[in-house]
């Protein structure tokens, strides 16, 4: 059994890790930390876990964490980078679900996150853990930076086009929509039900923190800098991300091979499902599951490839992908603990 | 492996059975019928099942069903009762999720369902499968009538009070609220998102089909006829039932022992969770799970016991309870395939 | 034109007052205060008001308020009672939408609101402004305590039964459900969309601040102390309250006259609509409107009267009723500015 | 008073026309037709109208309609075109809210709507009634084709860019999102709350009927054929459309003048609100109101103009715009009956 520690477990990614790990046959959560809630049983905060965990939140403690086989960070940005040098020195293996180690360029990081990076050494060593791209590096990584939710949906949707150099990489557009759980579990007025319910809006349209992460991933895939416009939107629902992607095919005849290109690219990927051409993936078709479902579209006389990509922001966009990474790091079957179908309706 | 057949699999209880059984280690679905959709792969109708089932809907066929170890009926009322005599004669075991075999008094049944009952023999033999009441009878039953969603939430909430004769049985009130999936998957205007969204209402307040079923179950528990007022309401959400129950304590001093009474009654029940006195169970705390969570309340100077009881209408209120019954019927661990925590948020 | 001031305008009742008054032909808002947002144009906080108001929030100032013809308080409890003595002395007329002046018994008030009442003189003089009960007193009142949202729905639903002494007043039950806007516009974690969305629960089941207000109103109507159990619930929607009321008819034969009794009681009330017997009022049928719609039900062989009563918690349950009171106080047509139909769907 | 007739009043645009006209000071609804519901009082179907209308649905009758000053068609496509020749011959004036007269090219129309057009004469004469473009033609029109919901949001957002030739007209993208009321009030399984709730998806991504209408309008504005990709999405809410528009600025320096260009373009438009640069219009800020709110965005180092445009699909996207057109046609103040602020929250 893998002994798991979770740092910062009171948010939505924390409870989602607990939900998934509750039925994982090869992992057990031995500690979960929260400064503010130390002493409170996790099942008191999250009644869905009643009967599944006796565990209580505890103060973060380096020795306890270092004694774990794997530590998940489910903390706001800035926390993991401060604890990482000591934890790495102690030999711990970490999957960081925060944004601290996702960007290679630390000036860009500092610019978007409003603080200097305090662990440049590990920022350089961390593996950006999108398994569909870097599975092998994840296997031996000591520190995995778990991708963001939007970046997961957008990258998986664009990858085959960019890897195969089929589209104009300077004209990518990602129009993405997320449920409200993506904003976390903090008492912000703008995220009240009274504000979010029965309404829809764009946000971060002039620039969002996931933009540089997306640009970095897509540029790696394309082998050159890409130009991408990314606009997130807030949907009056709890879970789910849909990203509609637009790219211009360099050679319109390539449309004929796109579907098989996508199918081949993801044939062996247990968590990426290429649906029939012209399908409309629904976010509920992945609710609670670690899948990304993707479908391609073309409009008459157009050379624009349209890709619709859906994930559950808390699963493939956070906790599920983190467990997938854990499975890879520990040589387990990649789908272990992640087999249940999505909940529909 | 238990070979499972499902009759009438295109509705919400059908897809929920498939979702649950997809990860059940001792059961496999060998056929699923639908006259209207025969030939269509189930994963085409329900994309959450892509990768989990190769199965397609087929025409209902007695021999095929009789060859199953267990047949679930997830049909509108009136269907199961017509097929049951032949199926029973063929030796099949059945869990019927429809209302056909829930009522003992067939005049009452005929009155509420608007047709004569066509299988009185099996209506008399069927076991009303609320495991928390009749576990032993379920074990050997050939035909189990799976309880309705509201009746499950209401009965579990009232049972300890009535079994112990603590309240006035002539003055029971059950104010229940359900998500829209309870109405099934038919194209009714009244169930459109445009009608249900952002609105709340009572329905069936002058009489609902679940009223006689509730009355029958509570009368059995009380050992005498009870008087119950039951009003269902429609909540703008997909899943979940909350029932707030009101009863008058005969002896107000009994308030002191109520919490322990409930805890003792359900101590060994894997799927009934008595929360601390004064808790407020949320439907999301059981979403996707087979649990019923219950909490007790008292208002100052009052001898009214208030019970709040929540279930997922599609799980403990339908498909989950059906699988629980299957587990009992086949001598399996009762929780098999039903261990995953609810999905919160 | 009535010169209106609003104290504490940043919450949902504040913006709702502004929305309604924007089209009121005889009133104009001349000042709206907020300590925290002083200087901010109201249309910047509430973009639905762009083009309707040039006004900005200002620091509360006694002289400015006293110069208004009418002042609405849309503040948390405790604020109005502190400002009231000075304001009353200055001759202002006030409709207080907070709870400060709703209860006659100040010990009860202190007990539920956790502070001593600081304006007992005006608590005694205030008129509890449910126009359907005390229209005449409102007309000449200097201070009107605007009823709470739940108390409005519950009282209007029960009134005819109690005024005519038809039911057992010791056995009243009010099971009420509200949208999330009822909790106000504060950054509470429990009211996040991620917490409220797709879930349903009771809250305050052991005692809610509206309970003593309801008890006071119903006891006045009955001419004796009533026994009432009141349980509120949170619905995943923004606006609307539905209350399902249960009472035992003393004489079951009275059922025959109930419908006409209700119709007669409210015949001349512009904002109370008695629907046909057996109807199911939907909250959306009053969304944005100042109406209360009521319907009666009876279940077979039962002497329980079931009443379903719906209002928009922000309109008839707050700002609309306040404007209705203003209209009465200033001798205007009672429906002025409140004529538009509800928004359905 | 303008005597108004409504053909096909049982859908969402029908009830919305009734809601708006209920408070219009210069119009009165004298007949509303429905073959299926003839004889039913409109207030029985739509309880929000109780107390506002005594009217019942009636069989459509040419003479009765011809006797109206104005007839609104709120029918499925194919109905208006069949009745139009006779009605026009009888001298009636019509605002058709259906799609029958929106497209100039009747081959395109036939292709998208799956039937031949039966009134080519009036298709040629009809004025496409987007008042912000063709106000003068509307004034004297006998037949106004009321624009579709998506086309209204998309055209208003793109107009200034295309009219001024500032962007590459071959690379327009419109990613649009709508609440469920846009699909009308028919019993389609796909529009059930159980299907739409808590989920998000694209639909019609390979081609939607509003695409040719959008293309026609934008091409007119640009003075040349445009290339536009349009993808609609379904949001789990009842009302509202948000369209996020992407266009490439030919000369990036033009970014500096865009905001003032938009403000000038719409300065005198009562129903188009250009918000400050970088704002995020919410659909709720126009809920129930006839406004379109628009905001502009730019991402760092990009020459892509991002426009977010919101309307209420049933108001500015249907019934409100129809009443605006009526006001223009009859020489009334354009905002008459349309002055109330949107309902927020």
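Build a GNM of chain A with springs between Cα atoms under 10 Å apart, and of A:101, A:330, A:158 the one that fluctuates most is A:330. Look at the stretch B:11-17: the mean tally of other chain Cβ atoms within 10 Å of its residues' Cβ atoms is 2. Sorting the segments D:12-25, A:316-329 by their mean number of nearby beta carbons within 10 angstrom, highest to lowest, gives A:316-329, D:12-25. Put in line by how crowded their Cβ is, counting other Cβ atoms within 10 Å and starting with the fewest, B:312, C:273, D:140, C:100 read D:140, C:273, C:100, B:312. For residue D:1, the distances from its label point to the matching points in the remaining copies are 2.9, 7.3, 7.8 nm, ordered from shortest, with each point set 7 Å beyond Cα toward Cβ.
Plainly put, the tip 7 Å out from Cα toward Cβ on residue A:116 is 5.6, 7.9, 9.0 nm from that tip on each other copy, the closest given first.
Each 5 Å bin from 0 upward holds the following percent of the Cα-Cα pairs of the range C:76-179: 2, 12, 20, 20, 19, 14, 8, 3, 1, 0. Sorting C:40, D:45 from the fewest to the most surrounding beta carbons within 10 angstrom yields C:40, D:45. Under conditions of 4 °C and 1.567 mPa s, the range D:233-345 yields 86 µm² s⁻¹ as its translational diffusion coefficient, taking Rh as the Kirkwood radius over Cα pairs in the Stokes-Einstein equation.
A Gaussian network model of chain C, with springs between Cα atoms under 10 Å, assigns the largest mean-square fluctuation among C:28, C:335, C:64 to C:64.
Rounded to the nearest 10 degrees, the angle from helix D:210-222 to the longest Cα principal axis of chain D is 60 degrees. Shielding value for C:45-55 is 5, the average number of Cβ atoms from other chains within 10 Å of each residue's Cβ.
Placing R0 at 45 angstrom, the Cβ-Cβ distance between residue C:121 and residue B:277 gives a FRET efficiency of 0.65 after rounding to 0.05.
If you wrap the tightest convex hull around every Cα atom of the range A:150-313 and split its volume per residue, you get 116 Å³.
If both residues of a DSSP beta bridge must be in the range B:2-125, then about 5% of such bridges are antiparallel. Since chains B and C are linked by a rotation, which residue in B has the beta carbon closest to its axis, and how far is it in Å? Spelled out, residue of B and its Cβ distance from the axis onto C: B:175, 2.
Tell me, how many Å apart are the Cα centres for the range B:149-217 and for the range B:89-135? Result: 19 Å between the Cα centres. Taking Cα atoms only, the orientation of helix A:79-89 departs from the longest principal axis of chain A by about 70 degrees.
Axis of helix D:12-21 versus longest Cα principal axis of chain D: the two differ by about 80°, to the nearest ten degrees. On the principal axes of its alpha carbon atoms, the range B:1-141 extends 45, 32, 26 Å, with the longest extent given first.
Each copy carries a label point for residue A:189 at 7 Å from Cα along the beta-carbon vector; from one copy to the others these points are 2.1, 4.2, 4.6 nm apart, nearest first.
With a cut-off of 19 Å on the backbone N, the residues of the range C:130-156 near the modelled label site 7 Å out from residue C:66 along Cα-Cβ are C:142-144.
Taken over the protein assembly as shown, the alpha-carbon convex hull comes to 172 cubic angstrom per residue. Taking label positions 7 Å along the Cα-Cβ direction at both residue D:330 and residue B:189, the computed distance is 2.7 nm, reported to one decimal.
Of the DSSP beta bridges with both residues in the range D:161-270, give the percent that are antiparallel, rounding to the nearest 5. Once the DSSP bridges in the range D:161-270 are tallied, antiparallel ones form about 55 percent. Within the range D:297-325, which residues have the backbone N less than 17 Å from the label spot 7 Å out from residue A:168 along Cα→beta-carbon, could you tell me? Of the residues in the range D:297-325, D:302-306 have backbone N under 17 Å from the label point off residue A:168. Peptide B:201-211 has a mean shielding of 6, counted as Cβ atoms of other protein chains within 10 Å of each residue's Cβ.
Relative to its residue count, chain A spans a Cα convex hull of 136 Å³ per residue. Using a cut-off of under 12 Å, list every residue of the range C:54-97 whose amide N is near the label point 7 Å from the Cα of residue C:142 along the Cα-to-beta-carbon line. Under cut-off, by backbone N: C:84-94. Of the residues C:150, A:203, A:113, C:262, the one with the fewest other Cβ atoms within 10 Å heads the list, and the complete ranking is A:203, A:113, C:262, C:150.
Of all beta bridges that DSSP places with both ends in chain D, some 45 percent have antiparallel geometry.
Every number here is computed from the coordinates shown, using simple stated rules; none is lab data. It should be emphasised that the depicted structure is a prediction, and the values quoted were computed from it without experimental measurement. As a convention, Cβ positions derive from the backbone with ideal geometry for all residues, glycine included, and neighbour counts pool all protein chains shown.
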